[in-house]
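Undergrad: Take a look at this one; I'll ask things after.
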Amino acid sequence: MLSYRHGFHAGNHADVLKHVCLINCYKILKRMHNSINYIDTHSGNGLYFYNNEFMAKNKEYIYGIEKLIKSNSNNSQINHYLKTIKNINKSKKLSLYPGSPMIMSHLSNNNDKLFFYELHNNEIKTLKKNLSNYTNLKIYHTNGFNFYKKKINFRNKYLVLIDPSYELDSDYIEVINFLKIIDERFKNFTILIWYPIIAIDNHKIFIEKIKKLALSNLIRIELPIEDYTEEIGLKGSGIFLVNSNKKIISNLKNTVYELYEHLKNKSCKIKPVFQYLK
């Protein structure tokens, strides 16, 4: 579990989908609520540099953020995302990719409260260093899946990002178990759960298990990048969106289809998914 280092994958197509959705949710919710409590269950270190040994090895960002920049998109959600990434870089030419902790620290104000969870010993040290200039946050060195077991005021508005690495099967089980406990208490929680599309048979089983939970306000978003085959490899990724609203749904539906056109491999015939999952 603790061998995963997100630096190898920072800025790839999965990060693009995740962070476009996250920024869109925050901006819309912020118009409705003076204060947002943000929870990030698997934070990583928050900041990834192009010349670092991890990012430089696979250069997955070339087929993610860099490919999207060259698209010259007119979509406002995509442009909000690109503007945020460039502002954090303080340059139009990127030298780093911010993880969700840095993105949210950059976007939030002092009315918001941010809670970051990370279990990896080295990652949490770097996370604390990278976020040392921000005062509206707390960092916990523990399993983020258990965030709801802490003392929480359920009357406040929460935005939650759950994005484990899924290197272990237990991550899939943890996600399912978390969704099982969602009830009326969580009505003020807008939740994004990211997942990879790797082994197609396992993917189908995972989706079917989520369907059987029959949650009333659960949307499944999937961004395929290449055709789903029996070969193991990251073929795309998805988001389960819980307790959103009409504006978020409308924005993201159009945006996901545009991301697909910009990021998919030319040979990809699988179409994006945007559906209520019942």
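Residue-by-condition table, conditions (1) modelled with pLDDT of 95 or more; (2) surrounded by 19 or more Cβ atoms within 10 Å (Cβ to Cβ); (3) touching a Cys at 6+ places or on another chain (Cβ under 8 Å):
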{"site": "Ile152", "(1), (2), (3)": "no, no, no"}
{"site": "Lys157", "(1), (2), (3)": "yes, no, no"}
{"site": "Ser170", "(1), (2), (3)": "no, no, no"}
{"site": "Val175", "(1), (2), (3)": "yes, yes, no"}
{"site": "Asp183", "(1), (2), (3)": "no, no, no"}
{"site": "Lys187", "(1), (2), (3)": "no, no, no"}
{"site": "Ile200", "(1), (2), (3)": "no, no, no"}
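Undergrad: Also, I was wondering about something else. Output yes when any residue across region 130-143 is within 26 Å of Tyr166 (Cβ to Cβ), part of a helix (DSSP H, G or I) and in contact (Cβ under 8 Å) with a residue 60 or more places away in the chain, and no when none is.
TA: Checking region 130-143: at least one residue is within 26 Å of Tyr166 (Cβ to Cβ), part of a helix (DSSP H, G or I) and in contact (Cβ under 8 Å) with a residue 60 or more places away in the chain.
Undergrad: Among (1) crowded, with 17+ Cβ neighbours inside 10 Å; (2) without any contact (Cβ under 8 Å) to a residue 40 or more places away in the chain, which single condition is Ile270 missing?
TA: Of (1) crowded, with 17+ Cβ neighbours inside 10 Å; (2) without any contact (Cβ under 8 Å) to a residue 40 or more places away in the chain, only one is false for Ile270: (2).
Undergrad: Looking only at region 97-123, how many residues end up being of a type in the set (A, V, I, L, M) and modelled with pLDDT under 95?
TA: Within region 97-123, the first condition is being of a type in the set (A, V, I, L, M), and the residues that meet it are 102-104, 107, 114, 119.
Still in the running and modelled with pLDDT under 95: 119.
The qualifying residues number 1.
Undergrad: Of all residues in region 1-15, which are among the aliphatic types (A, V, I, L, M) and touching a helix residue (DSSP H, G or I) at 6+ places or on another chain (Cβ under 6 Å)? First the steps, then the outcome.
TA: Step one: of region 1-15, the residues among the aliphatic types (A, V, I, L, M) are 1-2, 10, 14.
The answer is Ala10, and nothing else.
Undergrad: In region 227-257, how many residues are surrounded by fewer than 19 Cβ atoms within 10 Å (Cβ to Cβ) and either part of a helix (DSSP H, G or I) or without any contact (Cβ under 8 Å) to a residue 60 or more places away in the chain (or both)? Before you say what the answer is, go through the steps one by one.
TA: Here is the first cut: in region 227-257, the residues surrounded by fewer than 19 Cβ atoms within 10 Å (Cβ to Cβ) are 227-234, 245-247, 249-250, 253-254, 257.
Right, trim to either part of a helix (DSSP H, G or I) or without any contact (Cβ under 8 Å) to a residue 60 or more places away in the chain (or both) and you get 227-233, 246-247, 249-250, 253-254, 257.
Residues flagged as surrounded by fewer than 19 Cβ atoms within 10 Å (Cβ to Cβ) and either part of a helix (DSSP H, G or I) or without any contact (Cβ under 8 Å) to a residue 60 or more places away in the chain (or both) within region 227-257 amount to 14.
Okay, residues lined up against (1) of a type outside the set (A, V, I, L, M); (2) more than 29 Å from Leu29 (Cα to Cα); (3) at pLDDT below 95; (4) under 17 Å from the mean Cα position of the chain (by Cα):
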residue	(1), (2), (3), (4)
Leu241	no, no, no, yes
Ile249	no, no, no, yes
Glu258	yes, no, no, no
Glu261	yes, no, no, no
Lys266	yes, yes, yes, no
Val273	no, no, no, yes
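Undergrad: Also, quick follow-up: Residue by residue through region 85-95, note down the ones that are in contact with a strand residue (DSSP E or B) (Cβ under 9 Å, 6 or more places away or on another chain), in contact (Cβ under 8 Å) with a residue 12 or more places away in the chain and surrounded by fewer than 20 Cβ atoms within 10 Å (Cβ to Cβ).
TA: Going through region 85-95, the residues in contact with a strand residue (DSSP E or B) (Cβ under 9 Å, 6 or more places away or on another chain) turn out to be 85, 88-89, 95.
Within this subset, residues satisfying the condition of being in contact (Cβ under 8 Å) with a residue 12 or more places away in the chain are 85, 88, 95.
Hits for region 85-95 are Ile88, Ser95.
Undergrad: Among the numbered criteria (1) assigned to a strand (DSSP E or B); (2) under 23 Å from Ser267 (Cβ atoms), which one does Ile219 miss?
TA: (2)
The values are calculated or read from the model by the stated rules, or taken from the named source; none is laboratory data. Keep in mind it's a predicted model, so treat the numbers as computed, not measured. In this analysis, Cβ positions are derived from the backbone assuming ideal geometry, glycine residues included, and neighbour counts consider all displayed protein chains.
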